[in-house]
Amino acid sequence: MARELVSVDDHLQRILDTVYPLQPYDQPLLEALDLPICEEVVSPIDLPGFDNSAMDGYAVRSEEVAEATESYPVWLPVVGESAAGQSEAFALSAGSALRIMTGAPVPAGADAIVPLEWTNRGIAEVAIHRAAPPGLHVRRVGEDIRAGQRLFEEGTVLGPREIGLLAAVGRAQVRARPRPRVVVISTGSELREPGTALGFDSVYDSNSHALAAAARRAGAVSYRVGIVSDDPHEFRAALSDQLVRADVVVTSGGVSKGDYDVVKEVLSKSGGVDFYDVAMKPGKPQGFGTVGEDDTPIFTLPGNPVSAYVSFEVFVLPAIRRLMGRMPYRRPMVRAISGKLIRSVPGKQQYIRAQFAVDPRGAHVSPVGGDGSHLIGDLAAANALIVAPDHVVEVPAGSHADVIVLDRDF
């Protein structure tokens, strides 16, 4: 007797109800790239921390060069030089100029910087050919950031620009959740490692590579385990060995109804993993639960490569983002005009490989290749998935379709 199908949304909700964000801790700035911070960040200092020069030139009192022209330059003695990073503090006396480099402190008494291009570049004495109004090329203390100013709210996802600002105000670490550690295991006695010889009945293991890469792109730390055969003892031992470094385990293969479905055979006896037929195509056979003393979440995905990848996108990716505390959990869907007639299976939510593009006419999408779950070439040619809900059996050409755009940040 066939089992009742579980909806995609119900299966995903069970996953999200089981998986919780990881505990945050202080991390070095670069380790926190693309992670949401778990604190409000307030600047401890002013930026700039002192008045400094925005140009190479001469620090002057603006009133003393107010009449300078090309025909009648103002001549001033040069009393010294100030470069960025030097510890000596200067004070500019009346009737003089100080040679100054970009980023160097503006000496007390000076209120303008005359660029080198407006002078004869003199060393002992300089001729200034243009007037410099007050404040010219002076970066004032605190004009960018003030001490005590809030820089980022809790939950801000750190990109390169945010990390640059944190470093600029002296923060070496920031509080964030760690990247989830995702262990990927492919099962199947027919599998071989790429680069080795194939037998007449063997295939290269693509799933573990694709899933480990997808986990890494999602922001996780991924560990790809070597191929595990259909021997239950070997799978049980491999899983036990890997739990010590896993926040999540992802397997592919061995979850259908055959005699050699090792994943289902072993995990059905553990009591912590349930197996379902989900109302989706591809990816109908799914399993999810927890294993080990730490109740590590485990996803058991189908063995066909397209089914495994689509299952990762629909179920595993949201769990990884929840572990990191990133929102939204699911990729947002966009609307696009279908270039072809799309037929779907009634009663199942179908994910159709497609090419998505935006041009002056708007967003467009067209299916790629066939619908076989073994057609990995078509999967590689796609950059999107058309989502046909379980009640939709046909999407006419020229009408709007729901689309998940792959490889797009969100």
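Throughout, read-outs are computed from the coordinates displayed, never taken from laboratory work. Everything numeric in this text was worked out from a predicted model, so none of it was measured. Cβ atoms come from the backbone with ideal geometry, glycine included; neighbour counts cover every protein chain shown.
Averaged over residues, the count of other Cβ atoms within 10 Å places the peptides 44-55, 305-316 in the sequence 305-316, 44-55, highest first.
Using R0 = 35 Å, the C-beta based FRET efficiency linking residue 340 and residue 45 works out to 0.05.
For the peptides 191-202, 134-145, residues were scored by their other Cβ atoms within 10 Å and the scores averaged per peptide; the highest-first order is 134-145, 191-202.
Using the Cβ-Cβ distance between residue 161 and residue 391 with R0 = 41 Å, the FRET efficiency computed as 1/(1 + (r/R0)^6) comes to roughly 0.40. Given the choices (i) 21.9; (ii) 24.1; (iii) 25.9, Kirkwood radius over Cα pairs in Å derived from the coordinates of this structure is entry (iii). What the phi angles of region 397-402 give under the Karplus curve with 6.51, -1.76 and 1.60, with θ = phi - 60°, is a coupling list of 4, x, 9, 7, 10, 7 Hz, glycine and proline written as x.
If you count Lys pairs in the chain whose Cα atoms are under 18 Å apart, skipping same-chain pairs closer than 8 places in sequence, the total is 6.
Determine which residues of region 359-403 fall in the zone a paramagnetic label at residue 209 would reach in this model, i.e. backbone nitrogen under 14 Å from the point 7 Å along Cα→Cβ. The answer is 376-377, 380. Here region 262-288 and region 10-71 have alpha carbon centers that stand 46 Å from each other. Add +1 for every Lys or Arg and -1 for every Asp or Glu among the other residues with Cβ under 13 Å from the Cβ of residue 68, and state the total. Local charge sum for residue 68: -2.
Using R0 = 51 Å, the C-beta based FRET efficiency linking residue 89 and residue 359 works out to 0.30.
Oblate is the label for region 284-369, because the ratio a/c of its alpha-carbon gyration tensor axes (a ≥ b ≥ c) is 1.5 or higher and a/b is not greater than b/c. Extension gain for residue 30-residue 16 works out to 2.2 nm (0.36 nm per residue, less the C-alpha to C-alpha distance). In this simple spin-label model, placing a label point 7 Å from the Cα along the Cα-to-Cβ direction at both residue 70 and residue 268 gives a separation of 9.2 nm. Peptides 224-232, 356-364, 59-67, 151-159 ranked from most to least packed, by the mean per-residue count of other Cβ atoms within 10 Å: 59-67, 224-232, 151-159, 356-364. Compared with the direct C-alpha span, the chain from residue 150 to residue 9 gains 46.9 nm at full extension, assuming 0.36 nm per residue. Distance from the Cα centroid of region 347-368 to that of region 148-180 is 36 Å (rounded to whole angstrom). The H on the amide N of residue 145, modeled in the peptide plane, is under 5 Å from the matching H of 47, each at least 5 residues off or on a different chain.
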